[in-house]
Each structure stands twice: as C-alpha cells, then as structure tokens.
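The values are calculated or read from the model by the stated rules, or taken from the named source; none is laboratory data. Since the model is a prediction, treat every value here as computed from it, not as a measurement. In this analysis, Cβ positions are derived from the backbone assuming ideal geometry, glycine residues included, and neighbour counts consider all displayed protein chains. Heads up: the accessible areas ignore ligands, DNA and RNA and are worked out on the full protein's heavy atoms, side chains in. Shrake-Rupley method; radii C 1.70, N 1.55, O 1.52, S 1.80 Å.
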Amino acid sequence: MKHTKTEVILTGVPASPGIAIGTALVLESRVSNIEKRIIASESIDVEIENFDNAVEDAKKQILEIQKKVQTELNDDDAKIFDAHLLIIDDHTLINGVKSDIKISNVSAAYALYERVQKFIETLNKINDPYLKERGSDIWDVASRVIANLHGQELESLKHLPGQRIIVSHDLTPSDTVFSDRNNVQAFITETGSRTSHAAIIARSMNIPAVLAVKPSLSSVRSGDVIIVDGYKGEIILNPTSDSLSYYARKETKGGIMREHFISESTLIPETLDGFQVQLAANIEFPEDINDAIKHKAYGVGLYRTEYLYLNSEHLPSEKEQFDTYKKLAVILEDKPFVIRTLDLGGDKLNTKINITEENPFLGYRAIRLSLGFPKLFETQLTAILKASAYGNVKLMFPMITCIEEVKQSLELLSKIKLKLKEEKIPYNEKMEVGVMIETPSAALIADKLASIVDFFSIGTNDLVQYTLAVDRNSKQVAYLYQPTHPAILTLIKRVVDVAKLNGIWVSICGEMAGDPQYTPLLIGMGVHELSMSPLSIGSVRRVIRKSKMHEAESRVSEALKCPSASESLKISLDYLNRIEPNIYNLTVGGDINEKT
Ligand code: PEP
Ligand code: MG
C-alpha cells in the first residue's frame, strides 16, 4: 500500500483497553453553532410551549436510555442518567431559559444554548477535572432539548454506515450508550479522562477508548485510516503498512490476552517460587466495584472518597456517606475495604470549600484540610466507623507529613468511638488504621509512623511528585516524572523494609502498582499488596506468576545501585521482556523491530 500522508502519533489517556484499526468518523459538535434568532413578541408563548414540550420529550428520552442501559449493561451505569434527570428538572435552568425568551425575545434553542455555555465556561474556570466533566452531562441534556426543538434525532451514532472509529471533541454518555455496538470500533476524544462517564461506559461495553488526546484531533478527517491503541493511549494517523500489520498483531494478541486474563482471574497471584502478592483494586466511584469483582481483586486497596465530595452539589451528609460505605463493605464481604479520608485540595477542588492558593499541591490539601474542618472530618470518620460494623473496613489518612497529623486524627477517631459506644451504635473497635506514604517526609519517618498505625500504603503518584519536585499534571516537566528515579526506589524500599521490621502490612497504590513495567521491581522489594485500577489486575497477576522472587529481589539490588531512572527501568523491562514478552510488547510497545 502506498502512503502519501506521513504517519502521525498522538497520545491521550488510555480509558478503555483494546486495539482498533479502521475508518474515522468525525462527529460535529452539535451545539457549537446555535445562531441567535429573534422571535416576534406574539410568538413568545408558542416558543415557551415548544420549549416545555422539548423538555418533557427529553425527560422521556432520558428515562428510555436509562432503561436500555439497565437491561443491556448494568444498574450502576444506568445511574449515570440520574444526573441527566436532575439537570432536566433544574428549575433555575428551565425558568431562566423561559425568562430569557420573554425578556430578550430570543429563540428557546438560543436561550438554552447561551445559558448552558456560560455555565460551562464557569465550570471550566474552576480547576476541577470532575466538574469539567460534568459539563459533558449538561451538554448532553442541552443537545437533546435543542434537537427536540429542531425536530432532529440526536442519536447520530445509532445507525452507522459500517464499522467506524468515533472521533469527537467530547463524547456524551448518551452517545456512548446509543451507539451502534456492532459498528463502533473505538472512541477517541479531545476531552475527558479515565473517570468520565463515557469512559466508564466504554469499558463496560468493551470498546477501546483513548480520551483527552493531545494536542488536538483537528487533523483527523472522516474517512481517514486510523489506529487506536487503548492499552497505551495512542492514536496513529495515516499508519504505514508496518504499523498496520504491527497493530493487527497486537490486536489479536491483546484480545486473546484479555480473555486469558479473565480466565486466569481465579489463579493465585504468586511467583513461581511461591511468594504471594495480593492484588487489590483502586476505586473512585462506587460502581467501580463491579470491575474489582470481575477481576477478582483481593479487596479494595484504595477508595478515593473525595469523588463523593466532588460529585455532589452539597457536601455529602453522614447518612449519604454511611450508605455508600456500607453498601460497598457488604458487597466486599470479608475482603479488605480501605477507605481513604478525603483528599481534597491540590487538583481536586470543591466549590463548597472555596480555597484559592498559589501552590495548591503544597497547600491546604488532604489531611491538612480535614483537620482544618473538624466537623467535616468528624462526619466522614463517623460514617466510616459506622460502616465498619458491616465488613472488613479499614481507614486510611492521605498526605501525611508528620506524626502530629496522625495523632490528632487518631484522637478524633477515639472521641467518635466513645460517642458511638455511648449511643450503642455498632462499629468495629478493632478497625485497622493506616496512612498513605506519599510525601518524602512520611517515607523518612516511616519507623515513627509504624509504631502508631496498622498499615502503610505507598502513594507513588504523589511520592514521585513531591520527591522529584515535579508537578504530576505538568506537560512541560513530564520528562522528569520518573518513577524509577534512584530517590524513589530508595524511598519505597526503605518504607517496605520499615513496615516489615515492624510487622505491619505494606501496599503500593499509586499508578506504578498497576503498570507491568514496574512489577518486577515492586514485588522484588517485598510489598504485601499492589493496588491498582481493576483493569490492570490481569496483566500484573500474569507478570507475578511468571516471576521468581529471588530473581526479582536481585533485580532490585541491581536497580538500587543505578545512578539514573533509565538504567533501573531497563533492568525491570529486560526482566519483564524475558519472562513475559507478550505483556512487554503490549504495554511497553516493544522493540521497534517488532513492527517490521
Ligand atoms: C498517590 O498519590 O499515589 C495516590 C494513590 O493518591 P492520589 O493519586 O489520589 O493522589
Ligand atoms: Mg496521592
């Protein structure tokens, strides 16, 4: 095949695994160009009536989608559409549109478009990825009402001309659900993240997805041949014939391997020489528990509860939190369920706790914020304690830097326990309490911390950020974000050694834990548990089962002697390539010669 265009590789967030090779279908942004239309005063009543009808129809359509998702996917995914029902029932929005029609004599479609656009602009100014994503739900509902006003059918992905890779600026949950399942090969977007609703649904539907593609997808045209690598988060435009055959092989291998991973999910994650490493799941949303169970996680090693706070208009009440924690604890039965107290601040902000700082990552974040808002903290601790009566709940404090933070938190916990005892409310008196080791100071005082807590969980995402002084979200300094930097490996090893010396459990729950590139080194350090996105469990389990502990240990000794991150990474990768070349090729990309 002769190529006239040059191959271009774009990168994004790998939101749903798998490879797709096919033809692009670029979706136009449906609400991007609503023209201002002035209506005659005598038409105002009719316009408002049309708007009311369009809203009513939209409500029915959303309920219909919800039902479809419930029958074809699952209850939890269906709940996503509860948010859409709340938006369509929002009186401030609906009445605001009506008053704009009356006062400014504009069409209903324009009035709605303008209100929603302003609202989303405000959301985008708040540095909160979760809220930014909720903008996509609002667009979804607004597009539906506008389509109804124009008598159009919204679900443009319902009937595709054949197999297509969907390319879009944004993707709404409705787009995803209503897409022609037999013909959608993959989704790629410029916005979103692994936790976007569209990503959650793509994973449930087993459709590869790469979101937040950088710098943009503007060079893609409908009809272009394109490759989507949902494992690595890469998009290959105008692929060469070498790339086409390489990814075709990767697709076959990947599909076969994912099936194998599921069939291997009952196998014990132990090395060939008999050392077990527990594989737990990190969850952000309660519905993620389904993936954790599907991949036979040992338990939940990290529940990022701040999403409960980011998710809601109001701060979640004790009852709301208790209900959520209890529900998950019951589902997990006796499996460990580590609930991390809220880690707001940094890049996760909540409008209800409005704090602006020059350096949010070094500021009022996580445990600092919880201790600064004792009522808020007490509410969460009470809900967690109450839930501890219903399962194997453990509590964990984030971003600890000194022993006083742990002591103060434990004091508050003791007070709440006393209160619950007086009120005869059940809780687990022996609930284990642990800390995240994600600052260099915590790693360096691990021996002191070990004497007052029951377990450690090493948060490598922040440990790398704070040790190497590199913003984990910065594109400019991303090259310095090196998980195998000698300083990081030394700190992790030190924390693991201290934990073992003190007889306490040690887990790693940063992204490193779920990346097979690092598995040989992490298991060789002697951790008890690796906690990761449930979708990563299969590949890490496989790597562990192909490893020998004494070999992994000797790789760690060698790596700790390396002066640079690249040299220690090479040691890990060489071992991975030797014991499990399939995973090496799938996740690391393999040798370039693989393509020929
Ligand atoms: C970490 O820092 O590694 C971690 C798991 O916490 P988060 O990513 O939520 O900051
Ligand atoms: Mg962290």
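Results for (1) within 24 Å of LEU171 (Cβ to Cβ); (2) buried (at least 21 other Cβ atoms within 10 Å of the Cβ); (3) not small (Gly, Ala, Ser), shown as yes or no for each residue.
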residue	(1), (2), (3)
ILE21	yes, yes, yes
VAL26	yes, no, yes
ASN53	no, no, yes
LYS59	yes, no, yes
LYS68	yes, no, yes
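Among the residues of the stretch 446-462, those identified as open to solvent by less than 40 Å² (accessible area, probe 1.4 Å) and more than 13 Å from ligand 1 (Cβ to nearest atom) are ALA446, LEU449, ALA450, VAL453, PHE455. Scanning the stretch 285-311 for residues that are out of contact with any helix residue (DSSP H, G or I) (no Cβ under 8 Å at 6 or more places or on another chain) and more than 16 Å from ligand 1 (Cβ to nearest atom) gives a single hit, TYR298.
Whenever a residue of the stretch 62-82 is closer than 18 Å to ALA142 by Cβ, its partners that are part of a helix (DSSP H, G or I) and among the hydroxyl-bearing types (Ser, Thr, Tyr), lying with C-beta atoms within less than 7 angstrom and at least six residues away or across chains, give the pairs ILE65/SER174. Only one entry in ILE201, ILE188, ILE235 is in a helix (DSSP H, G or I), open to solvent by less than 50 Å² (accessible area, probe 1.4 Å) and either modelled with pLDDT of 90 or more or within 21 Å of VAL13 (Cβ to Cβ) (or both), namely ILE201. Taking every residue in the stretch 433-445 that is assigned to a loop (DSSP other than H, G, I, E, B) and open to solvent by 10 Å² or more (accessible area, probe 1.4 Å) and pairing it with any residue that is away from ligand 1 (no atom under 13 Å from the Cβ) and modelled with pLDDT of 95 or more, at least 6 positions away or on another chain, the pairs with Cβ-Cβ distances below 7 Å are ILE445/ILE403. If only residues of the stretch 515-548 that are part of a loop (DSSP other than H, G, I, E, B), modelled with pLDDT of 95 or more and closer than 18 Å to PRO336 by Cβ are counted, the one that is most open to solvent (accessible area, probe 1.4 Å) is HIS528.
Check the stretch 463-480 and report whether any residue there is within 16 Å of ligand 1 (Cβ to nearest atom), of a type in the set (D, E, K, R), surrounded by fewer than 18 Cβ atoms within 10 Å (Cβ to Cβ) and on the phi < 0 side of the Ramachandran plot. Looking for residues that are within 16 Å of ligand 1 (Cβ to nearest atom), of a type in the set (D, E, K, R), surrounded by fewer than 18 Cβ atoms within 10 Å (Cβ to Cβ) and on the phi < 0 side of the Ramachandran plot, one finds at least one in the stretch 463-480, hence yes. Exactly one residue among ASP89, ASP76, ASP137 is open to solvent by 10 Å² or more (accessible area, probe 1.4 Å), acidic (Asp, Glu) and modelled with pLDDT of 80 or more, and that residue is ASP89. Taking every residue in the stretch 341-354 that is under 13 Å from THR379 (Cβ atoms) and open to solvent by less than 10 Å² (accessible area, probe 1.4 Å) and pairing it with any residue that is at pLDDT 80 or above and more than 11 Å from ligand 1 (Cβ to nearest atom), at least 6 positions away or on another chain, the pairs with Cβ-Cβ distances below 6 Å are THR341/SER370; THR341/GLN380; THR341/PHE397; LEU342/TYR309. The sole residue among VAL393, VAL338 that is at pLDDT 95 or above, away from ligand 2 (no atom under 16 Å from the Cβ) and of a type in the set (Val, Ile, Thr) is VAL393.
Checking each residue in the stretch 92-103 for being open to solvent by 60 Å² or more (accessible area, probe 1.4 Å) and among the small types (Gly, Ala, Ser) picks out no residue at all.
Summed over the stretch 463-472, the residues that are among the small types (Gly, Ala, Ser) and touching a residue at least 12 places away in the same chain (Cβ under 8 Å) give a count of 0. State yes or no: is GLU405 more than 32 Å from the chain's Cα centre (by Cα) and either assigned to a helix (DSSP H, G or I) or touching a residue at least 60 places away in the same chain (Cβ under 8 Å) (or both)? For GLU405, the condition - more than 32 Å from the chain's Cα centre (by Cα) and either assigned to a helix (DSSP H, G or I) or touching a residue at least 60 places away in the same chain (Cβ under 8 Å) (or both) - is not met. When GLY18, GLY12 are checked against the criterion of being at pLDDT below 90 and on the phi > 0 side of the Ramachandran plot, a single residue qualifies: GLY18. Among the numbered conditions (1) in contact with a strand residue (DSSP E or B) (Cβ under 9 Å, 6 or more places away or on another chain); (2) within 13 Å of ligand 2 (Cβ to nearest atom), tell me where THR439 comes up short. Condition not satisfied by THR439: (1).
For the stretch 447-462, what are the residues that are free of Cβ contacts under 8 Å to residues at least 60 places away in the same chain, more than 13 Å from ligand 2 (Cβ to nearest atom) and either in a strand (DSSP E or B) or touching an Asp or Glu at 6+ places or on another chain (Cβ under 9 Å) (or both)? Once the filter is applied, which keeps residues that are free of Cβ contacts under 8 Å to residues at least 60 places away in the same chain, more than 13 Å from ligand 2 (Cβ to nearest atom) and either in a strand (DSSP E or B) or touching an Asp or Glu at 6+ places or on another chain (Cβ under 9 Å) (or both), the stretch 447-462 yields VAL453, PHE456. Of all the residues in the stretch 449-470, those that are more than 23 Å from the chain's Cα centre (by Cα) and over 18 Å from ILE403 (Cβ atoms) number 3. Only one entry in ARG472, ARG494 is part of a helix (DSSP H, G or I) and among the charged types (D, E, K, R), namely ARG494. From the list ALA499, ALA487, the lone residue that is touching a strand residue (DSSP E or B) at 6+ places or on another chain (Cβ under 6 Å), more than 14 Å from ligand 2 (Cβ to nearest atom) and assigned to a helix (DSSP H, G or I) is ALA499. Checking each residue in the stretch 379-402 for being in contact with an Asp or Glu (Cβ under 9 Å, 6 or more places away or on another chain) and either open to solvent by 30 Å² or more (accessible area, probe 1.4 Å) or in a loop (DSSP other than H, G, I, E, B) (or both) picks out THR379, LYS386, GLY391, ASN392, LYS394, PRO398, MET399, ILE400.
Within the stretch 554-583, residues that are more than 18 Å from ARG494 (Cβ to Cβ) have Cβ atoms under 7 Å from residues that are among the basic types (Lys, Arg) and at pLDDT 95 or above in these pairs: ILE571/ARG555; SER572/ARG555; TYR575/ARG555; ILE579/LYS546; GLU580/ARG542; GLU580/LYS546; ILE583/ARG542, counting only partners at least 6 apart in sequence or on another chain.
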